[in-house]
Amino acid sequence: MVCSALRRLRYAGSTRRLHLVSRRAAAASAAPASASAVGVSHRHLSSFKREYATRGDERHLDRVKETNPQDVEDSIIFDGEKYTPGKPQGSLPTMVYVYPTCPHCNKVLAFLDIVGHEHSTMVVNPITKAEIKWSETYKKVPIASVAESTLNGSDNIIMALFDKWTTHTNKIAKGASREDYDSWNKRVDEEIARPLFRATSTTWSDALKYTSYVREISAYPMYIRFVHHMLGTFFTRVGSRKVAKRYGIVDPDGELLVAVQRYLDDFGVKQQQQQQQQMFCGGEVPGLADVVLYGTLRSVQDFDAVKKLLAADERVKSWYRSMQAAAGHEQE
């Protein structure tokens, strides 16, 4: 009798598992319809093994392949039948996964705004990173989903799109090579981003503000957002102290001002009243040298450090306002 009972239990368990698998299969087959209703295309992995929906109102259910940025083809990103730069891009959505205060993310967003590439953004929780769990090979931001491609990292995103866009628009300076971009980007990261980070996270109140966006992610309960905000603030303060100690940053505001002034000097940027044609590092229109600096500063433009910087130098302020106008961003 005991053996018979055990056999019946095993059969019942197998039946329940079979029903569960069947229900999951039915749900997976219905997923494309829900994706089209939402109207947002997103990334799945190259193996096409999973259906995934991020938390929140936007669901990412379309399965597409993850592409090596170095192997992006024109036909993948800019298919002539699907997409023409400068025209509405409803058939080719672009989603950028970001942290709002991340300088690298803001470089990408600034570039897309300047060239007029329509896009949406998804704010990523820096603690859980649940919004990018679909990415198995890259766990940082920014990540850009363009057509059926996934581009990882600001350098790869900007340069892959820059090579395609320069033949279709006059809104950004042409002729920059990958070596040029890497040189300008490295300089901004080392000479400007470091003192800027220190200047915007010196006190606990600044650190709280630096990660306050976490509390706006409505997909999480209030208490979870509070805990993540506190954790993010703690890690920001720890990172700020490490950066200051490692690179010998004593006066972050002063060092930031000097670094930005020297950067604009080297590109011959003048005040608009003096020489309008050289208002940007790229000349008459913004270039990639402008993009990397502007994106870095814009990531924390509401902080006192950036406000002090703009108030301290009229030329820097004039350049920054011109960049805001070129990108279509509001001026405060």
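In a residue-by-residue description of the range 179-195, the property of being assigned to a loop (DSSP other than H, G, I, E, B) and crowded, with 19+ Cβ neighbours inside 10 Å applies to no position.
Here residue 330 meets the list (1) among the acidic types (Asp, Glu); (2) part of a helix (DSSP H, G or I); (3) in contact with a helix residue (DSSP H, G or I) (Cβ under 9 Å, 6 or more places away or on another chain); (4) open to solvent by 20 Å² or more (accessible area, probe 1.4 Å) almost entirely, failing just condition (2). Selection of the range 120-143 for residues being assigned to a loop (DSSP other than H, G, I, E, B) and open to solvent by 50 Å² or more (accessible area, probe 1.4 Å) yields 127, 128, 129, 133, 136, 137, 138, 139, 140.
Filter the range 288-318 down to residues that are more than 25 Å from residue 204 (Cα to Cα) and over 23 Å from the mean Cα position of the chain (by Cα) and give me whichever is least open to solvent (accessible area, probe 1.4 Å). If you could, list the steps in order and put the result at the bottom.
We begin by selecting, within the range 288-318, every residue more than 25 Å from residue 204 (Cα to Cα); these are 288-294, 313-318.
So of that shortlist, the ones also over 23 Å from the mean Cα position of the chain (by Cα) come out as 313-318.
Details: 313: 23, 314: 103, 315: 32, 316: 0, 317: 75, 318: 18 Å².
This residue is 316.
Scanning the range 196-211 for residues that are open to solvent by less than 40 Å² (accessible area, probe 1.4 Å) and among the polar types (S, T, N, Q) returns 200, 201, 211.
The values are calculated or read from the model by the stated rules, or taken from the named source; none is laboratory data. Remember, it's a predicted structure, so these values are computed and weren't measured experimentally. When we count neighbours, we look across all protein chains shown, and the Cβ atoms used for this are built from the backbone with ideal geometry, even at glycine. Accessible surface areas use protein heavy atoms only, side chains included; no ligands, DNA or RNA. Shrake-Rupley method; radii C 1.70, N 1.55, O 1.52, S 1.80 Å.
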